1. Do we find that V31 is out of contact with any Leu (no Cβ under 7 Å at 6 or more places or on another chain) and either surrounded by fewer than 22 Cβ atoms within 10 Å (Cβ to Cβ) or of a type in the set (S, T, Y) (or both) in this structure?
2. Condition test on E314, is it touching a His at 6+ places or on another chain (Cβ under 9 Å) and surrounded by fewer than 16 Cβ atoms within 10 Å (Cβ to Cβ)?
3. Residue by residue through the range 234-253, note down the ones that are β-branched (V, I, T) and closer than 15 Å to V277 by Cα.
4. Can you tell me which residue in the range 62-90 is nearest to G42 (Cα to Cα), limited to those that are crowded, with 22+ Cβ neighbours inside 10 Å and over 18 Å from the mean Cα position of the chain (by Cα)?
5. Would you tally the residues in the range 115-143 being of a type outside the set (D, E) and not in a loop (DSSP other than H, G, I, E, B)?
6. I'm checking my understanding of the structure. Among residues of the range 231-273 that are aliphatic (A, V, I, L, M) and either at pLDDT below 95 or touching a His at 6+ places or on another chain (Cβ under 9 Å) (or both), which one is farthest from N296 (Cα to Cα)?
7. Quick check on the range 254-262. Is at least one of its residues in contact with a Pro (Cβ under 7 Å, 6 or more places away or on another chain) and either touching a residue at least 12 places away in the same chain (Cβ under 8 Å) or part of a loop (DSSP other than H, G, I, E, B) (or both)?
Amino acid sequence: MASKVPKVKFSNGYDCPILGIGTWKSKAGEVTQAVKDAIDIGYRHIDCAFVYGNEKEVGEAITAKINEGVVKREDLFITSKLWNTFHKPELVRGALQQSLDNLNIKYLDLYLIHWPQAYKEGGALFPADADGKIQFSDVDYVDTWRAMEPLVEAGLVRSIGLSNFNSKQIERVLAVAKVKPVVNQIECHPYLNQSRLIAFCSERGIKVTAYSPLGSPDRPWAKPGDVQLMEDPKIKAIADKLGKTVAQVLIRYQIDRGNIVIPKSVNKGRIASNFDVLDFQLSPQDLQLIDSFNCNGRFVPMTASLGHKYHPFENDEF
């Protein structure tokens, strides 16, 4: 099963399965089984992050499947991310080691700076003042990047990259990088199709990983009556025409654009259904139609750090 997942080649020569399973918002009590199910179904790419608070449980699933002989470590592609409170260069390696220990592995295939903006170090992951406002740190992500590079040489990570960086921020990293970022992981779906940023990254040899490809219907800050991408009648019409689910069309939309995609689910049936996207393609007409739904509709605006000088979504940057 797994071998039929197409792979994307990074600028450094490493391969990454184009389809992976996301673990953001997967609860500790559910994520171990979800990742076990995903590996059994054929997923070989697992997207994690320290701040998700569930790396230990993900690690238990990986360890179990390796011990059962279902997979070897080298069959898996495992990503994690450096959280905002660890941007100080001297904290980077320790933060990575914590993720490796949590996941019970010796190296990561990909390590990303989760966001360009840093938070106050040494306390909570979301350090807040008495009014509940996030406390910022002024560490420059360029200095954080320089601290990421030695992790590759040390053999602790194979590739390094970015997440939620806009084009100007990527340019600043590229200007100093001795080791180039291979990926920018960004929110991407028909309401936020990111075509300008994808083209920008592509011109610079950087692949895009699409998170929240289904519009993040379980995002904790969603309010009743908020737009639900999965209920869009225009996308449903395309799915009905193809005999596919809306989720399958949304996942295939990314694959057909050449983007790595990491839909998240803890439901075994949906994990299997989300994997069942390799036997069809969207026509150029369908892709063009879906592209036309773009309205810069961002489901993950990161409002907690608005006002930070490195917030990526202010000032209409792309």
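The values are calculated or read from the model by the stated rules, or taken from the named source; none is laboratory data. Everything quoted here is computed from the prediction, not taken from an experiment. Ideal geometry is used to build each Cβ from the backbone, glycine not excepted, and the neighbour counts take in all protein chains shown.
1. For V31, the condition - out of contact with any Leu (no Cβ under 7 Å at 6 or more places or on another chain) and either surrounded by fewer than 22 Cβ atoms within 10 Å (Cβ to Cβ) or of a type in the set (S, T, Y) (or both) - is not met.
2. So E314 fits the description; yes.
3. I238, T245, V246, V249, I251
4. Here the residue is I62.
5. 8
6. V266
7. Yes; the residues of the range 254-262 include at least one that is in contact with a Pro (Cβ under 7 Å, 6 or more places away or on another chain) and either touching a residue at least 12 places away in the same chain (Cβ under 8 Å) or part of a loop (DSSP other than H, G, I, E, B) (or both).
Quick grid of which residues meet (1) farther than 21 Å from R196 by Cα; (2) of a type in the set (K, R); (3) part of a helix (DSSP H, G or I):
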residue	(1), (2), (3)
L250	no, no, yes
G269	yes, no, yes
Q281	yes, no, no
Q288	no, no, yes
N294	no, no, no
G297	no, no, no
P301	no, no, no
